1. For the range B:273-298, enumerate the residues that are outside any helix (DSSP H, G or I) and among the polar types (S, T, N, Q).
2. Among the numbered criteria (1) within 14 Å of chain A (Cβ to nearest Cβ); (2) at pLDDT below 85, which single criterion is violated by residue B:48?
3. For residues that are outside any helix (DSSP H, G or I) and closer than 19 Å to residue B:412 by Cβ, tally how many sit in the range B:330-386.
4. Sort out which residues of the range B:143-166 are farther than 19 Å from residue B:231 by Cα, of a type in the set (S, T, N, Q) and surrounded by 24 or more Cβ atoms within 10 Å (Cβ to Cβ), and write them in order of number.
5. What number of residues within the range A:55-83 satisfy the criterion of being crowded, with 20+ Cβ neighbours inside 10 Å, within 23 Å of residue A:28 (Cα to Cα) and either of a type in the set (A, V, I, L, M, F, W, C) or touching a Pro at 6+ places or on another chain (Cβ under 7 Å) (or both)?
6. Count, please, the residues in the range B:387-409 that happen to be over 19 Å from residue B:28 (Cα atoms) and either in a helix (DSSP H, G or I) or without any contact (Cβ under 8 Å) to a residue 60 or more places away in the chain (or both).
7. For residue A:52, work out the one condition from (1) polar (S, T, N, Q); (2) within 7 Å of chain B (Cβ to nearest Cβ); (3) surrounded by fewer than 17 Cβ atoms within 10 Å (Cβ to Cβ) it doesn't fulfil.
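The values are calculated or read from the model by the stated rules, or taken from the named source; none is laboratory data. On a predicted model such as this, the values are computed, not experimentally measured, just so you know. Here the Cβ positions follow ideal geometry from the backbone for every residue, glycine too, while neighbour counts run over all protein chains shown.
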Amino acid sequence: MINVISNNKLKSTIALAALQNVIDPEIGISVVDLGLIYQIDFEETEHKIFVTMTLTTQFCPMGESLTGAVKRAIEHTFVKEEAIVELTFDPPWTHGRISEEGKQFLNR
Amino acid sequence: MFAGVINNQPMQNTTYKVVLPFYTYAALSLFAACFLLLISTGSFTGHYFNPHILAITHMMALGWGTMIILGAGYQLIPVLIEKSLYSIKLANWSFFLAATGIPLLAYGFYNFDMGWPAKWGGRLVFISVSLFVINLAKSIQKSKNRNVHAWFMLAASVWLFVTALYGLVLVYNFTFPIYKRNHIELIPLHAHTGVIGWFLLLVIGVGSKLIPMFMISKYTNSKQLWLIFLLINTALVLFISLYIFKAANAIFFFPVVMLLTSLIVFAQYCYKSYKQRIRKQVDEQMKLSLLSLLMMLLPVAVIFFLIGLFVSGKEDMRIVLLYGFVIFFGWITAIIFGMTFKTLPFIVWNKVYGKIAGLGKTPGPKDLYSERLFAAMSVSYLAGFVIFIAGILTIEKVVLTIGSSLLLLSALLYCVNAGKLIFHKAF
């Protein structure tokens, strides 16, 4: 099971479903299955969604594309909200964060 | 909240506008070098110190190998040192200067005109290399993370600087004799600082980061990498010292053994990365790259044989030619073939689809070039490589022509596939 913190379980499930379509082009699995998404918080009054995520390496050449894709996917699903993507490398990403589905895909 | 949220944008990577001209130039240089190889097969039946061979070697070493490594280097420096590139302007200048200097130098060698074309070519290449070294050193200086990969890159760039400077001095030595020693005797120093100091250190420094990254491997061992770093640099310094002080031929086995040890340790590093990979599938590009690492052992085997010949008082020009050929057309070309189609698709994908990703289905980086062309290129290349070696050893012009024709075909297929990528437009 993917461990993502959120202040709204229902909405975060919808957000994670949307993020399943954001595929890391190198690895071929979604940013969710890769374990890049750490936290999704919803600020109802400000109409903002804060996504805290990481990258497999700090200077991942695909970094800008991935954070942009996450923002676009969230705003495409929650059309009245603004998505704010924040990057963190603390804790850093490890292979242990890959979901079981992701591991099965990579084991093929 | 998580600690250390840095901002809402990732650290800045080098723009594709800097990188793509290097890849394009390198592809065209490879084609030009293979064309020169085809029309100069007669030169491969004699001494290696020949205008055509010098021109081909410099097209391969500078136009092909160095240009693509500089381009990929500008893209990879931020990944390796975890800090943005110091200056985009310097990177662009390094391209323009080298792009102008390399054809001048090759023209000078091909026609053995050591006047203004070779001199200006050498000067421009030297300035270009200096700009690369400054850019890399400044980038590392502002980075807090001075890991082993960064040291490999820095040391390699310093050796490149030494090679370019010494090369320029050698160009001047044709018209204003600076050294008393025979010109041919000076070439091994220039060649080995370039091949071992620049190419080998850089390939291992970058490969040790990229190979585990592409295979999603858990393996990491910086102690092993530091040992390789120490062995290669010591072997090179030892070789230079022995050469300058004209040591007995047999003593040259020592630096070669050190070099071989470093390659064995690196092979072990790659094998462990491979065994501990999470992604089980290894694509064709990675297979060719891994094969090229094994091809590193080929020049080492040839140099062992060559030193053995020197020790027994014999000299065989075919083996010297073979040595240079397996380095530039073997190991260096194979690794670039593999890594081009591992790195370039992502650079182009970022350029074309990076701004629309997340809104719907987009093709993956692997869909941007032809895997069939890649397979045809690999077959043509490996066949051409083996046949050309047979041609060198048998001194048969027909065999050399068949080998070089296949290599030219592989260069053409490479250019078509790289062009397909570089000029890709959104579906």
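1. B:276, B:281
2. (1)
3. Filtering the range B:330-386 for residues outside any helix (DSSP H, G or I) gives B:354-364, B:369-370.
Applying the additional criterion that residues be closer than 19 Å to residue B:412 by Cβ yields B:369-370.
Of the residues in that region, 2 qualify.
4. Listed by number, the list holds a single entry, B:163.
5. Of the residues in the range A:55-83, 11 are crowded, with 20+ Cβ neighbours inside 10 Å, within 23 Å of residue A:28 (Cα to Cα) and either of a type in the set (A, V, I, L, M, F, W, C) or touching a Pro at 6+ places or on another chain (Cβ under 7 Å) (or both).
6. Within the range B:387-409, the first condition is being over 19 Å from residue B:28 (Cα atoms), and the residues that meet it are B:387-403.
Next, only the ones that are either in a helix (DSSP H, G or I) or without any contact (Cβ under 8 Å) to a residue 60 or more places away in the chain (or both) stay: B:387-394, B:396-403.
Total satisfying the criteria: 16.
7. Result: residue A:52 fails condition (3) only.
Okay, residues lined up against (1) on the phi < 0 side of the Ramachandran plot; (2) under 14 Å from the mean Cα position of the chain (by Cα); (3) not acidic (Asp, Glu):
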position	(1), (2), (3)
A:30	yes, yes, yes
A:43	yes, no, no
A:46	yes, no, no
A:50	yes, yes, yes
A:68	yes, yes, yes
A:94	yes, no, yes
A:97	yes, yes, yes
A:106	yes, no, yes
